[in-house]
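To start, the structure under review is shown below, and the notes come after it.
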Amino acid sequence: MIKAIISDFDGLILDTETPAYDSWQEIYQEYGCTLPLEFYATVLGGSGHEFDAIAYLSELSGKELDVEAIRERRWQRKLELVEAMRLLPGVLDTILYAKQRGLKLAVASSSPRRWVLPHLERLEINHYFETVVTGDQVSNVKPDPEIYLEAVARLEVEPHEALAFEDSFNGLQAAKDAGLFCVVVPNLLTRNLDFSRADIQLESLADRSLEQLFLQLR
C-alpha cells in the first residue's frame, strides 16, 4: 500500500531543465558551437558537476575563455528563463489528490536547498510537503539512492510504501535502488533515455490520475 509520494523537483515539478540547456546553448552559439542534447541529457538529475560545460566549450571552440564571466552571464540567463516557468501539467492535481488521500509528500532533489525552496515558495506549493531533501543535505546525490532513503526515513515509511516521480535516468536509478516504486515522466531533454526500470512511464502527469496509477501498480 502506497503511503507516501516523493517527487523530484527539476524537470518534474518545474521545467528548469529546458532553461538550463537553452541558456548554455545560447552561449555555445555565440562561439559557433553546439551543445549536443543527447550528451547533455545524460547528466541531468545528478549533481551537475559531472560535466563541465565551459571546459567542453573551450575544447570545441579552441579558445581560452573567461570562465567566471561566462558562468555568471549564463546563470543570470537561466534564472530569467526559469522565472517565467509555471508548474508542469498535472502536478497540482497530483499533489491535491495525494493530500485528500492522507498521503505524506516529500521532494527529493539533487539540487541545493537555496535553489529548490524559493521556487516551491514562488509556486505556492511548499506547504504541501512534509519534508524537502536536497543535494546539500546528503553525502551522495542521484543516481545514488541516499536522497530517497533519507526522504522515506523522514516520512517514517518503508521504501516499498513510497512512490517516486522522476524525469531523469539518474533519478530513476536512485529511486529504484532505494526500493521505491517509480513513475517516470520524461521531459523534452530526457525523453530518449533508457527508462526500462520504471514501473510506469507517462508523457505527462496530466495523462493519468494518481488513483489510476495506484490501480496500475497493484
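Restricting to the stretch 13-29, and then to whatever is open to solvent by 10 Å² or more (accessible area, probe 1.4 Å) and not polar (S, T, N, Q), can you tell me which residue is farthest from PHE165 (Cα to Cα)?
Our first condition is that a residue be open to solvent by 10 Å² or more (accessible area, probe 1.4 Å); within the stretch 13-29, this holds for 15, 17-18, 21-22, 24-26, 29.
After this cut, where a residue has to be not polar (S, T, N, Q) as well, the list is 15, 17, 21-22, 24, 26.
On the way: ASP15: 14, GLU17: 16, TYR21: 21, ASP22: 24, TRP24: 26, GLU26: 30 Å.
Only one residue fits best here, namely GLU26.
Remark: pairs (first residue in the stretch 63-87, among the basic types (Lys, Arg); second residue surrounded by 16 or more Cβ atoms within 10 Å (Cβ to Cβ) and in a helix (DSSP H, G or I); Cβ separation under 7 Å; 6+ apart in sequence or on different chains) = ARG71/ILE54; ARG74/SER23; ARG74/TRP24; ARG74/ILE27; ARG77/SER23; LYS78/PRO19; LYS78/ALA20; LYS78/SER23.
Output yes when any residue across the stretch 7-17 is under 22 Å from LEU172 (Cα atoms), in a helix (DSSP H, G or I) and in contact with a Leu (Cβ under 6 Å, 6 or more places away or on another chain), and no when none is. Yes, the stretch 7-17 has at least one match. Do we find a residue being open to solvent by less than 50 Å² (accessible area, probe 1.4 Å), in contact (Cβ under 8 Å) with a residue 60 or more places away in the chain and of a type in the set (S, T, N, Q) anywhere in the stretch 30-45? Looking for residues that are open to solvent by less than 50 Å² (accessible area, probe 1.4 Å), in contact (Cβ under 8 Å) with a residue 60 or more places away in the chain and of a type in the set (S, T, N, Q), one finds none in the stretch 30-45, hence no. For the stretch 59-80, a residue qualifies if it is of a type in the set (A, V, I, L, M, F, W, C) and more than 17 Å from VAL116 (Cβ to Cβ), and the qualifying residues are LEU60, LEU65, VAL67, ALA69, ILE70.
Selection of the stretch 176-207 for residues being touching a residue at least 60 places away in the same chain (Cβ under 8 Å) and not small (Gly, Ala, Ser) yields LEU180, PHE181, VAL185, ASN187, LEU188, LEU189, THR190, ASN192, LEU193, LEU205, ASP207.
Exactly one residue out of ALA20, ALA41 is at pLDDT below 95, under 26 Å from ARG113 (Cβ atoms), of a type in the set (Gly, Ala, Ser) and in contact with a strand residue (DSSP E or B) (Cβ under 9 Å, 6 or more places away or on another chain): that is ALA20.
Between SER58, SER110, the distinction of being of a type in the set (Gly, Ala, Ser), open to solvent by less than 20 Å² (accessible area, probe 1.4 Å) and not in a strand (DSSP E or B) belongs to SER110 only.
Taking the residues in the stretch 64-80 that are part of a loop (DSSP other than H, G, I, E, B) and over 24 Å from GLU38 (Cβ atoms) as candidates, determine which candidate is most open to solvent (accessible area, probe 1.4 Å). Across the stretch 64-80, the extreme among qualifying residues is GLU64.
The values are calculated or read from the model by the stated rules, or taken from the named source; none is laboratory data. As the structure is a prediction and not an experimental result, all values here were calculated from the model. A quick note on method: Cβ atoms are made from the backbone with ideal geometry, for glycine too, and the neighbour counts reach across all protein chains shown. SASA here: full protein model, heavy atoms, side chains in, ligands and nucleic acids out. Shrake-Rupley method; radii C 1.70, N 1.55, O 1.52, S 1.80 Å.
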